[in-house]
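Each remark here refers to the structure printed beneath this line.
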Amino acid sequence: MRIDILTGLPDLVRGPLEQSILRRAARNELVDIRVHDLRTYAEGKHRQIDDYPYGGGAGMVLKPEPIFRCLDALQDEPPAIDEMIYLSPDGEQFDQSMANALSLKQRLVLLAGHYKGVDQRVRDERVTREVSIGDYVLSGGELPALVVVDAVVRLIPGVLGDATSALSDAFQDGLLDAPHYTRPATYRGLTVPDVLRSGDHGRIAAWREARRLEKTRQRRPDLLHPEPVRHDMQAGSPDD
Ligand code: SAM
């Protein structure tokens, strides 16, 4: 998979890509992540990438030209772009099922906004998907882009070893994760549940499944019982 990240703050993005699982994935050539500095595609002595908003008001807007130019250059490089994603608080809510779907793609382009966001013409003409990481507003799209990259890359086959398999993680199969313990077996009088030290794989699997169900019921009952369709709300119902 190839991922291109467009940003006015490339250093903010590069650091996390150089750590842990993302770095290993890149070194093992399971993913090719390229960070593009929008200033490289800007013109003038100051290589300005933002400007005042038409109509007035507070905040700057990312100019269209550097983004269009950068995307033009990227489009000429293989493989074909599957999704051109703009990170935005008013986008589709990012979740595990979107991460799963994106992990099957060959090429993603992520655009990080800043200030008030990007010129609307970029969104209208080039963006294929707008993604939010939650109902709160961050200063820029760099951290949201990294959230998406991390969640997606760890799902690419071969990126995680068995020891950190994504399959038993929360949300992957609609349940939250079970509790985890490591050595020592007793610490400050706190003990690890006996079943986990029994060596009985059947009992361990059953215990974990039960804990997962219990935690999901307590914390996220909505995952177990998705909102039913309210037939009584449908237009034309005899009860209207
Ligand atoms: N004026 C925008 C609005 O109200 O929707 C907010 C702009 S925000 C200050 C600057 C940039 O941060 C956005 O262009 C976007 O790229 C990014 N951003 C902020 N919060 C985000 C979120 N929850 N999800 C995804 N991107 C976000």
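The values are calculated or read from the model by the stated rules, or taken from the named source; none is laboratory data. Since we're looking at a predicted model, the values are computed, not measured. Every residue, glycine among them, receives a Cβ derived from its backbone with ideal geometry; neighbour counts consider all protein chains shown. We work out accessible area using only protein heavy atoms, side chains counted, and drop any ligands, DNA or RNA first. Shrake-Rupley method; radii C 1.70, N 1.55, O 1.52, S 1.80 Å.
Do any residues in the stretch 120-143 that are touching a residue at least 24 places away in the same chain (Cβ under 8 Å) have Cβ atoms under 8 Å from those of residues that are near the ligand (Cβ under 6 Å from one of its atoms) and open to solvent by 100 Å² or more (accessible area, probe 1.4 Å), where the two are at least six apart or on different chains, and which pairs are they? Within 8 Å, the pairs are Glu130/Asp90; Ser132/Asp90. Quick check: is even one residue across the stretch 81-94 over 24 Å from Gly57 (Cα atoms) and either modelled with pLDDT under 95 or open to solvent by less than 20 Å² (accessible area, probe 1.4 Å) (or both)? Looking through the stretch 81-94, at least one residue is over 24 Å from Gly57 (Cα atoms) and either modelled with pLDDT under 95 or open to solvent by less than 20 Å² (accessible area, probe 1.4 Å) (or both). Ser132 fulfils the conditions (1) open to solvent by less than 90 Å² (accessible area, probe 1.4 Å); (2) among the polar types (S, T, N, Q); (3) away from the ligand (no atom under 16 Å from the Cβ) except for a single criterion, (3).
A single member of Asp200, Asp173, Asp135, Asp194 is of a type in the set (Asp, Glu), at pLDDT below 95, out of contact with any Asp or Glu (no Cβ under 9 Å at 6 or more places or on another chain) and over 22 Å from Cys70 (Cβ atoms), and it is Asp173.
Based on what the data block shows, is Val149 more than 6 Å from the ligand (Cβ to nearest atom) and in contact with a helix residue (DSSP H, G or I) (Cβ under 9 Å, 6 or more places away or on another chain)? Considered against the rule, which asks whether it is more than 6 Å from the ligand (Cβ to nearest atom) and in contact with a helix residue (DSSP H, G or I) (Cβ under 9 Å, 6 or more places away or on another chain), Val149 comes out as yes.
Only a single criterion out of (1) over 13 Å from the mean Cα position of the chain (by Cα); (2) near the ligand (Cβ under 8 Å from one of its atoms); (3) open to solvent by less than 20 Å² (accessible area, probe 1.4 Å); (4) not basic (Lys, Arg) is not satisfied by Ser139, namely (3). The single condition from (1) out of contact with any Lys or Arg (no Cβ under 7 Å at 6 or more places or on another chain); (2) surrounded by 11 or more Cβ atoms within 10 Å (Cβ to Cβ) that Ala58 fails is (2).
Could you go through the stretch 13-35 and let me know if any residue there is acidic (Asp, Glu), open to solvent by less than 60 Å² (accessible area, probe 1.4 Å) and either touching a Pro at 6+ places or on another chain (Cβ under 9 Å) or within 23 Å of Gly117 (Cα to Cα) (or both). The answer is no, given that none of the residues of the stretch 13-35 is acidic (Asp, Glu), open to solvent by less than 60 Å² (accessible area, probe 1.4 Å) and either touching a Pro at 6+ places or on another chain (Cβ under 9 Å) or within 23 Å of Gly117 (Cα to Cα) (or both). Across the stretch 102-125, the qualifying residues are those that are of a type in the set (Lys, Arg) and away from the ligand (no atom under 11 Å from the Cβ), and the one among them that is surrounded by the most Cβ atoms within 10 Å (Cβ to Cβ) is Arg107.
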